[in-house]
Amino acid sequence: MSNHNHHDTGQSPWITPFNVIAGLIVLMGIYLTYLRFTGGLAAVTNLDDYYPWGIWISFDLLCGVALAAGGYTTAAACYIFGIKKYHAAVRPAVLTAFLGYALVVFALHYDVGQPWRLAYPIFVQQGTTSVLFEVGLCVFLYLTVLFLEWLPAPLEWLKLKRVRNIVIKLTLVLTVFGVILSTMHQSSLGALYLILPSKMHPLWFSSHLPIYFFVSSMFAGLSMVIFESTLSHRYYHNKMDKEHLEGTPHVTFGFAKAAAWIMAGYFFIKLFGVVLNDNWGYLPTFYGFIFSLEMLGFVALPAFLYAKGVRDKNVKLIKWTAVLAVFGIIFNRFNVSLVAYNYHLPSELKYFPALAEIGVTIFVVTVGLILFKLISTRMPIFYEHPDFKGSH
Amino acid sequence: MNRRKFLGAMGVAGLGVAGAEKVLAAEDGVTGASVKDVKGLPDSYAVLFDVTRCIGCRQCEDACNYEQHLPEPDVDFFDTGVFQQIRRTDWKTYTVVNQYDDKPPGAGDLYRKIQCMHCLEPACAHSCFVKAFAKRHDGAVTYDPNVCVGCRYCMMACPFNIPAYEYHIALDPLVTKCTFCEHRLKDDREPACVEICPTGAMYFSTREEVLKEARVRVVNNPDKYQSHIYGEHEMGGTNWIYISGVPFEDVGMRMDLGTRAAGDYTSGALGGVPLIASFWPVLLVGAYAISKRREKIAKEERDSFVSQIIAEAGPEAGRRLAERLSRSETLDKAAIEEEVRKALNEAAAKTEREDH
Ligand code: SF4
Ligand code: SF4
Ligand code: SF4
């Protein structure tokens, strides 16, 4: 059976490098929270009237949601397309996605001016013409779905067998729902920028932005699962059961192969976009350089490396490629939301995040890591609970 | 223009006070998509700004500040030093006059006032996820501070960079922008900035009349004016209209905005939602059914296969099995190997037990 040891009796020391650093970051976060809610956004951000959206949107929202896409891709591969060998990857991916979305919502409380009204668009007055309304509604619903998808883990941990078995029965419905909601709002995050064509650099603006965002979220999610499994193997190896350990190479190679194909497709539809809009003329400019760097260095290259890694059965290469691909997604989302946006403004009016702003983002990510650690060291995430083995 | 003159203009336009009241009788604002039914809102109020007549005295800024109870300005309204920079609207400034170099030189400096354009199909209203903005029948685009969440998507969306935010306020910051002095429109009064203008650079009337006046000026003085009427069609049309003697780009107005209303760009994406919502479940459940069936067949094949092995289990079994495995395409090899290993172990154990 499993070689995990979750009833470990060995007292783990409190003073570990992780705990110390995380503790300091949390303290900083509390201080910045105080500043934000006493001095307003101006006290912690460099946002201004030209740049109403800064890195809290670019990173926390756009990247956060894209990188949490592992949840729906993995669940769909396993439960809908019946690729059962990915089963062991589902729980970590769902937990990551759930925490990812919860943190997106958490971070938005810092960004919007009046966070206690965050539910207004859903419960008070619905601005149905707004893309942001679709984003908000989907994030709200998907967070609920992810919570239910994750629920079996704490229920098994609490030994609530009956409730847990009911929730498990919902797996297929939840997975289908998750895919629909993910499709809609991964793409609608791109659609957010459709309404401002005159402010977007033509190399990034396209009426196909929603499709670009959706397709790239798929390989973002796959890469994130690969990347994460590297990290968790490093730190949680002793927590993992046989199924998880044996499933990992399947996941790594299968996901790398899928990501290579999707990235290649993405590369070509983006290239097609350049041809279609006749944007060649922009390529020899500064923006063209950034765009080419993104397309060649962060899409074409990782696609090729993934393919090579799969062919040579080179796990190490695949893992490093996943890191490259994750950075590529972050680069892309920043390019769309900060580089392409307001491209016509003179450079002295452009935005660069304040240190405190970056601090809040680091704080949010750290909270995510802490929660992940707390949950995955206690609940059956990397192993199947002995009482429920093989029952889903 | 004074009130009497205005009412006179209304009379000439065949509207009369009753007509004006009808325009103003809007109980409900119309936003984004629905405004299309109100074709160009010909009876709504509008303002024509003539760039050739503005002298940059900034009295409109002053009047706006007073009328809207805005905080003291950083720099006095008589100070022309502000013209060193191009300024924009912010939380304590709903309107700004900027200075531009005149081309050709010698014709005097050029000035242009900016404020909300009061678009016919406003990007701000279309983008707001709580419908805080509304396009009114009187022409004004108004803002409801009681529902605004402060997401600032309206600021992202506005093609004219008009809405500003109270970033310095901790708990209840709001979006700020020109209101078209809607409280005055309700009494048929022109906005404060229009009223104070000493040179008549702004002409206030219905949108239909304003467009007519713009055309008259442009057509009668082709040497003086550019032949374009800015705001007639830009971004679907606006209620503040501009005419100019120099190319509009030279007074900081973008000519590349196009005539499509902002909402047109997103309707395609939003229209796709029902499609996705109905298409995906069918596809996914289909995929699920196929994979389930494949699983079932594989399991059946595997079961019969394995029972065969158990029956035949012996040293020979391994070799024959390897043969079959190499031929088998449909079965999951890993799973079979696992089953086979189990079967062989069992068989071996059985033989062992029998041996004892
Ligand atoms: S100019 Fe901007 S703020 Fe004013 S109505 Fe148009 S979109 Fe809204
Ligand atoms: S900031 Fe307020 S008015 Fe602007 S889009 Fe968001 S909720 Fe609407
Ligand atoms: S219409 Fe009123 S609010 Fe708008 S700029 Fe003029 S005075 Fe200010």
**Report entry** Odd one out for B:E72 among (1) modelled with pLDDT of 90 or more; (2) assigned to a helix (DSSP H, G or I); (3) surrounded by fewer than 17 Cβ atoms within 10 Å (Cβ to Cβ)
**Finding:** (2)
Report summary line: Pairs returned, first residue in region B:137-165 that is on the phi > 0 side of the Ramachandran plot, second residue that is within 16 Å of ligand 3 (Cβ to nearest atom) and hydrophobic (A, V, I, L, M, F, W, C), beta-carbon separation under 7 angstrom, 6 or more apart or interchain, are B:G139/B:A46; B:G139/B:F180
Report summary line: Wholly inside region B:103-208, helices (runs of 4 or more DSSP H) that include 1 or more residues that are basic (K, R) and touching an Asp or Glu at 6+ places or on another chain (Cβ under 9 Å) are B:182-185
Report summary line: Within region B:109-123, of all residues that are more than 20 Å from B:R87 (Cβ to Cβ) and either without any contact (Cβ under 8 Å) to a residue 60 or more places away in the chain or within 14 Å of chain A (Cβ to nearest Cβ) (or both), the one surrounded by the most Cβ atoms within 10 Å (Cβ to Cβ) is B:P122
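When you scan region A:25-110 for helices (runs of 4 or more DSSP H) that lie fully inside it, which ones turn up with 2 or more residues that are within 14 Å of chain B (Cβ to nearest Cβ) and open to solvent by less than 20 Å² (accessible area, probe 1.4 Å)?
The helices (runs of 4 or more DSSP H) meeting that bar are A:41-44, A:70-75.
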Query raised in the report: Out of curiosity, is A:P284 more than 19 Å from the chain's Cα centre (by Cα) and modelled with pLDDT of 85 or more?
Result: yes
Report task. Of the numbered conditions (1) facing chain A (nearest Cβ under 10 Å); (2) away from ligand 3 (no atom under 16 Å from the Cβ), B:T89 fails exactly one; give the number of that condition. Result -> (2)
Query raised in the report: If only one of B:F204, B:F180 is in the same structural domain as B:W91 (by TED's automatic domain parsing), within 11 Å of ligand 3 (Cβ to nearest atom), of a type outside the set (A, V, I, L, M) and at positive phi, which one is it?
Result: B:F180
Requested in this report: Scan region B:280-293 and give yes if some residue there is away from ligand 2 (no atom under 16 Å from the Cβ), of a type in the set (V, I, T), modelled with pLDDT under 90 and open to solvent by less than 50 Å² (accessible area, probe 1.4 Å), otherwise no.
Outcome: no
Query raised in the report: Taking region A:120-162, which residues are of a type in the set (A, V, I, L, M), away from every other protein chain (no Cβ under 14 Å) and not in a helix (DSSP H, G or I)?
Result: A:L151, A:L158, A:L160
Report task. Considering only region A:106-134, state which residues are within 23 Å of A:L151 (Cα to Cα) and within 16 Å of ligand 2 (Cβ to nearest atom). Result -> none
Query raised in the report: From the list B:S44, B:S34, which one is within 30 Å of A:G127 (Cα to Cα) and at pLDDT below 85?
Result: B:S34
Report summary line: Within region B:124-177, the residues that are within 16 Å of ligand 3 (Cβ to nearest atom), at the interface with chain A (Cβ under 9 Å from one of its Cβ atoms) and among the small types (G, A, S) are B:A164
Report task. Output the qualifying pairs, or none if there are none: Cβ atoms under 9 angstrom, residues six or more apart or on different chains, first residue in region A:272-283 and open to solvent by 60 Å² or more (accessible area, probe 1.4 Å), second residue among the hydroxyl-bearing types (S, T, Y) and modelled with pLDDT of 85 or more. Result -> A:L276/A:S206; A:N277/A:S206
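Per-residue answers, yes or no, for (1) crowded, with 19+ Cβ neighbours inside 10 Å; (2) not aromatic (F, W, Y):
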position	(1), (2)
B:V130	yes, yes
B:V147	no, yes
B:C154	yes, yes
B:Y165	yes, no
B:D172	no, yes
B:C181	yes, yes
Report task. Determine whether B:G263 is away from ligand 3 (no atom under 16 Å from the Cβ) and in contact (Cβ under 8 Å) with a residue 40 or more places away in the chain. Result -> yes
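The values are calculated or read from the model by the stated rules, or taken from the named source; none is laboratory data. Everything numeric here is computed off the predicted structure, so don't read it as measured data. Glycine also receives a Cβ, built like all others from the backbone with ideal geometry; neighbour counts cover every protein chain displayed. For accessibility, only protein heavy atoms count, side chains too; no ligands or nucleic acids. Shrake-Rupley method; radii C 1.70, N 1.55, O 1.52, S 1.80 Å.
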